[in-house]
Each structure stands twice: as structure tokens, then as C-alpha cells.
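The values are calculated or read from the model by the stated rules, or taken from the named source; none is laboratory data. From a predicted model like this one, the values you see are computed outputs, not experimental measurements. All Cβ positions, even for glycine, are placed from backbone atoms using ideal geometry, and neighbour counts span all protein chains on display.
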Amino acid sequence: MTLLIGLAALFAYFASDLPDSSELWREGATPKITLLSADGSPIMRQGVSQGAPIRLADLPLHVPDAVLAVEDRNFYHHFGANPVSILRALIVNVTRGEVRQGGSTITQQLAKNVFLTGDQTIKRKIQELMLAVWLERKFTKQEILTLYLNRVYFGAGAYGVDAASYRYFGKSAKHLSLGEAAVLAGLLKAPSRYAPTNNPDDAGKRGRLVIEQMVEAGFLTREQADRVIADPVLLASPRFEAAPYFVDQVLRETRKITGDLDADLFVFTTFDPKVQAAAETGLIAGAAMAGSEMDEVEAAAVFLDGEGAVRAMIGGRDYAKSQFNRAAQAQRQPGSAFKPIVYLASLSNGKSPDAMVVDAPVTIGTWAPGNYKDKYYGDVSMREALALSLNSAAVRVQEETGRQSVRDIARQLGWKGNLETGPSLALGVDEISPMGLAGVYAPFANGGLQIEPHLVERIETADGDLVYARKGAVVGEVADAEAIAELNEMLEAVVTWGTGRAAKVPGYRTVGKTGTSQDSRDAWFAGHAGGLVGVVWIGRDDNKPMNNVTGGRAPAIIWREMMARALPPPSYVAPVIDEDPIAAILQMDG
């Protein structure tokens with residue numbers, strides 16, 4: 001009796017501070033949010049990636065076999081612990097006077113990863129054993145192995161086999177080869193040490209050891225093993241540097257939608273890895289071509305489809321230095337990038353792109369805007385006026401059409417902010433974010449339908465319950481298809497022979513508009529090609545003037561380099577320019 005009471009008291013002592021095991025899929029007290037790309041791949045967030053849950057049945061058989069061979073060959077035959085391994089570890093630990101060996105099964109590792117800290121103490125090991133026995137009683141072996149594969153750490157910030165597969169090999173764990181599975185299984189002993197991104201040689205050695213263990217365990221024949229060892233395993237290219245801006249914005253949207261909901265969430269986003277990679281590479285290439293214009297300035301870019309789904313976002317040139325998202329949070333003057341709205345209002349009122357307008361000095365009250373370098377062209381068509389970004393002509397078109405009509409069209413396009421009531425409205429003096437301007441330009445690409453720029457498609461809990469699903473893409477109709485088609489013809493002229501020549505994407509019909517605010521404080525290019533809408537902004541955070549930078553120069557070049565890489569074939573071929581590429585661009589953007 002005394003012995004039983006003592007054992008009960010000992011059990012109560014170790015069980016007194018065991019964690020709550022009611023929510024096994026939770027990683028701790030704080031709910032976790034996992035962000036998924038449009039293609040289902042997990043997005044890296046703050047160095048940690050949690051893959052979407054993946055079923056054991058969806059994995060190739062060699063994935064669990066590799067893990068079992070190196071971590072727990074007797075997994076299907078023990079009750080949660082391996083007595084022989086425990087006894088061996090106990091002897092070593094008692095001899096050394098500290099915990100030096102674990103002898104843990106996969107079930108014990110799961111218990112530790114989900115419920116316990118990493119403290120190496122006798123008490124923690126006993127609690128681990130108690131939880132392992134509880135797991136074995138509550139779940140089947142297949143469920144335990146599934147939980148383990150979805151929760152274990154694989155290094156480089158990747159939790160779960162699917163996140164690790166994307167992190168190292170750029171694909172879902174459903175498509176892992178035998179060699180790749182062996183490399184991942186080899187990481188489990190020491191994830192940080194063996195991560196192939198940090199230590200490829202040791203990762204390769206561990207992978208070969210796993211293959212040998214699979215042969216010893218009977219999962220592979222010698223011939224199969226030799227073929228796998230002879231076939232090199234290739235890592236995927238490093239993933240995105242600028243994606244954190246997208247992630248931050250998604251988390252803001254998610255908090256607005258879910259409020260204080262206490263649950264682990266999976267957020268299905270609009271993010272397109274290929275477009276993001278194209279934007280990042282294009283920014284580097286375009287900035288190099290633009291040269292000194294990009295010195296000490298910031299940049300932002302947004303790409304979305306005709307339904308408003310944001311496919312890529314760059315909120316700044318260096319996230320480590322500044323987390324301020326200029327793509328979504330900065331409010332800047334679009335300058336002449338506003339002018340297409342003026343001309344769309346005129347077209348909607350029955351005017352033709354070939355309608356004539358006078359380009360000459362104009363005064364309204366005490367306000368007298370000037371053209372770039374005070375150059376005037378006299379009688380020009382509206383197409384020419386927009387292509388050459390003539391300020392005085394745009395103001396005359398607006399005054400003839402009516403400022404209220406211009407404001408109405410702007411609202412219908414999706415403009416959310418303030419709109420000037422005076423004549424300077426035509427020159428883009430009202431502020432908007434790059435993402436907001438992309439939304440305004442989206443109807444030019446989709447035939448005249450207003451959309452809402454968005455980053456979240458749906459949200460689910462870890463248990464599969466639907467929290468949010470976006471309803472529809474179209475908000476309303478902006479203008480008839482004929483007016484939109486005429487405006488696109490005019491915007492095509494901007495790129496063909498106007499101020500935006502540097503933005504031309506080889507092999508694609510390219511339409512868009514340059515924009516420069518007063519004193520070159522902001523420089524823009526906004527447009528679309530191949531169904532993809534893009535906006536590039538350049539400026540200084542302190543809103544000080546840049547050195548004569550206009551939208552037709554660095555922003556147009558960067559936009560071209562981004563868009564050309566983002567679109568499918570025809571493949572991008574850089575244009576051959578005999579003279580200096582900057583000097584070749586028309587210097588007449590207002």
C-alpha cells in the first residue's frame with residue numbers, strides 16, 4: 001500500500017504542471033497564422049515557415065520510410081517509448097550526472113515539440129514519456145506520424161515536411177524524390193547544423209547515411225540505394241527578399257477580418273512567387289540601368305491581375321532597414337499618372353482620341369500651370385496630348401469635360417482619397433498609394449470593371465473551418481468597353497512614341513502612363529501588359545525633390561524589367577540601344 005501511495009504521489013508530482021493537451025494542433029498559447037501563396041506553397045514569415053498540414057497518404061512512401069529508418073525503426077511496435085533505448089540512455093545519464101542521451105521515439109519527440117520546452121532535465125523526460133503514452137492511447141500510429149511530420153523542425157525556419165520541402169527544394173512534399181526525402185530525414189538529428197542551406201556537405205553525408213539506414217531497415221535494396229546515392233540532390237534557389245512587405249500587409253488585412261479570433265489560421269493569399277521573383281530581379285536590373293538616378297531614393301511596386309488580386313509587392317529597397325510599406329501605406333502625388341482619368345471622362349462624354357485640343361499657356365484665376373520646360377505644341381489631338389503628357393492640354397480637356405465628371409470617373413475607378421475641387425485636379429495633386437493607383441488602373445486592363453485590390457482570398461482554421469471567403473471580384477462598371485478601348489489606344493501611344501518609351505515590353509502590347517509630381521518629388525510608371533497591372537514609384541521618404549527624375553526614366557525602365565520577367569513567353573530580350581538609354585528617353589513628362 002505504501003508503495004502504491006508513493007507511486008501515486010510521484011505521478012501527481014510530475015503531472016501537476018503538464019500542459020493542456022486538448023488542442024494538439026496548436027503550437028503554443030499564441031495562435032499561429034500560416035500564409036499560403038496562390039499556388040499553395042507556404043510563405044516565409046520572419047524566418048519561420050509553417051507548412052499546410054499534409055496527410056500521410058499524400059506523401060510518397062519513401063518520405064515516412066526515410067524518417068522511420070533513421071529516427072524510430074520500431075515505431076509501429078512500441079507503446080510510445082522504447083524500453084531498451086530508455087534503459088541505455090538512463091545508464092549514460094546517471095553515469096554522467098546529467099541528461100546526455102534521449103532515447104526518444106517519434107511519439108516522445110512529438111510530445112516534446114508540441115507540449116514541452118527543450119529543457120534537458122529528468123523531470124522533463126518523465127513528462128515526455130507520460131505524454132507519449134497518452135498520445136499512443138488517443139491516436140493511431142498513422143495519426144501520430146502525420147502530426148510529427150507536420151510539426152517537426154527541419155532547420156532554416158521551416159516547421160513541417162511541406163514547409164521544409166518548399167524551403168529547400170521549391171516544391172510540395174508530395175513530390176519529394178527519394179534522395180530529397182533522405183536529406184530532410186537527415187536534418188532531424190541537428191536541423192541547424194545539417195541544414196543544406198548552411199552546410200551542404202554535411203547535409204549530403206547525412207542524406208547518404210539515411211539511405212544506408214533504409215537499406216538496413218529493409219526499406220530499400222542495395223541496388224536502389226546505389227542509384228539514389230549516384231544521383232545528386234539539387235537545392236532550389238533562395239526565396240524572396242522583398243516578400244516580407246507582402247506578408248506584413250496580409251497580416252494587417254487578416255487582423256481586420258478575424259479580430260480577436262483565438263485559433264490557428266491558414267490564410268490563402270493572392271501571392272504569386274514567380275511574379276514576386278520577377279519584381280525583385282527587375283528592380284535590381286532596372287536600378288542598375290537607371291544608374292545615379294536611384295542613389296539615395298526609395299522604391300515601391302505593386303502587381304495585380306484584372307480582378308484585383310495582388311500578385312507581388314515591394315514596399316521598399318531594404319526591409320531590414322525600413323519596414324514601412326511604401327507600396328500600401330505611403331500616400332504620394334501621382335502627377336501626370338492621373339491624366340488618363342481626365343481623358344477617360346472626356347471619352348465617356350463622347351469625345352474621340354483624335355479630337356483636337358489647344359496646347360498653349362492657360363490661366364484659370366491666378367493659377368497658370370506650365371508644360372515641361374515650357375514647351376508648347378499648339379493644336380494637338382487628345383492622343384498626342386496624353387502621349388506627350390502636356391499639362392495645359394490636360395487642363396483644357398478637364399475644364400471642357402467638367403471637374404465633377406473627372407472626380408466621378410475617379411471614384412468609379414476606385415479612387416478612395418480626397419480629390420481636389422480646383423483646376424489642379426487634372427495634374428494629379430491628390431495623394432494615393434501605389435497599391436491604390438494599381439487598383440485605379442485595373443479597369444483599363446479588364447475592360448472597364450472596378451475592382452478592389454486584395455491580398456486575401458480565404459481564411460480557415462487549422463481544423464478546416466471557414467472563417468472568411470472573398471465574395472466576387474467586380475465592384476461595378478466604370479465605363480463602356482469602347483471608351484476603355486480608346487483610352488488604351490492612347491496609353492499605347494505613350495509607350496510607343498511618347499514619354500513612356502522606356503517601358504515597352506518586347507513581344508507584348510504595352511500601355512501605361514508616366515507621372516512626375518512637382519519638383520520631381522515623386523516619379524511613377526503605371527500600366528498593364530499581358531493582363532497584369534503594375535505600378536512603380538520612386539521618391540524620398542522625406543518628400544524632398546529628386547535630381548530631375550521623371551516617370552519616363554527610372555520608373556519606366558524598372559517597370560519594363562519587372563513586367564518582362566513576370567509575363568510568360570515570348571521571353572524577354574533587352575532592347576539594343578546605341579546611344580545612352582537615359583538620353584534616348586523623351587524628356588517631356590509633366
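Tabulated data for the structure shown
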quantity	calculated
Exclusive hit being surrounded by fewer than 24 Cβ atoms within 10 Å (Cβ to Cβ) and among the basic types (K, R), set R553, R501	R501
Subset tally (residues that are in a helix (DSSP H, G or I) and either acidic (D, E) or surrounded by fewer than 20 Cβ atoms within 10 Å (Cβ to Cβ) (or both)) for segment 437-475	0
Boolean, A242 is under 18 Å from A38 (Cα atoms), at pLDDT 90 or above and not β-branched (V, I, T)	no
Residue match in segment 480-500 (condition: assigned by TED's automatic domain parsing to the domain that holds A442 and either basic (K, R) or closer than 30 Å to K256 by Cα (or both))	no
Complete set of residues in segment 404-433 that are outside any helix (DSSP H, G or I), hydroxyl-bearing (S, T, Y) and touching a residue at least 60 places away in the same chain (Cβ under 8 Å)	S433
Checking I409 against (1) surrounded by 23 or more Cβ atoms within 10 Å (Cβ to Cβ); (2) in contact with an Asp or Glu (Cβ under 9 Å, 6 or more places away or on another chain); (3) closer than 30 Å to L455 by Cα, the condition it does not meet	(2)
E298 vs. criteria in contact (Cβ under 8 Å) with a residue 40 or more places away in the chain and in the same structural domain as W537 (by TED's automatic domain parsing)	yes
Any hit, segment 223-239, residues being surrounded by 15 or more Cβ atoms within 10 Å (Cβ to Cβ), among the hydroxyl-bearing types (S, T, Y) and either assigned to a loop (DSSP other than H, G, I, E, B) or modelled with pLDDT under 90 (or both)	no
Test: residue in segment 538-555 that is in contact with a Leu (Cβ under 9 Å, 6 or more places away or on another chain) and either aromatic (F, W, Y) or outside the structural domain of N488 (by TED's automatic domain parsing) (or both)	no
Condition check for A301: farther than 22 Å from N543 by Cβ, aliphatic (A, V, I, L, M) and within 25 Å of the chain's Cα centre (by Cα)	no
Test: residue in segment 483-494 that is in contact with a Lys or Arg (Cβ under 8 Å, 6 or more places away or on another chain), among the β-branched types (V, I, T) and crowded, with 20+ Cβ neighbours inside 10 Å	yes
Selection status of L283, under 24 Å from P568 (Cβ atoms), at pLDDT 85 or above and touching a strand residue (DSSP E or B) at 6+ places or on another chain (Cβ under 9 Å)	yes
R317 vs. criteria farther than 19 Å from R396 by Cβ and touching a helix residue (DSSP H, G or I) at 6+ places or on another chain (Cβ under 8 Å)	yes
Helices (runs of 4 or more DSSP H) enclosed by segment 146-197 - at least 2 residues per element that are in contact (Cβ under 8 Å) with a residue 12 or more places away in the chain and crowded, with 24+ Cβ neighbours inside 10 Å	161-169, 178-187
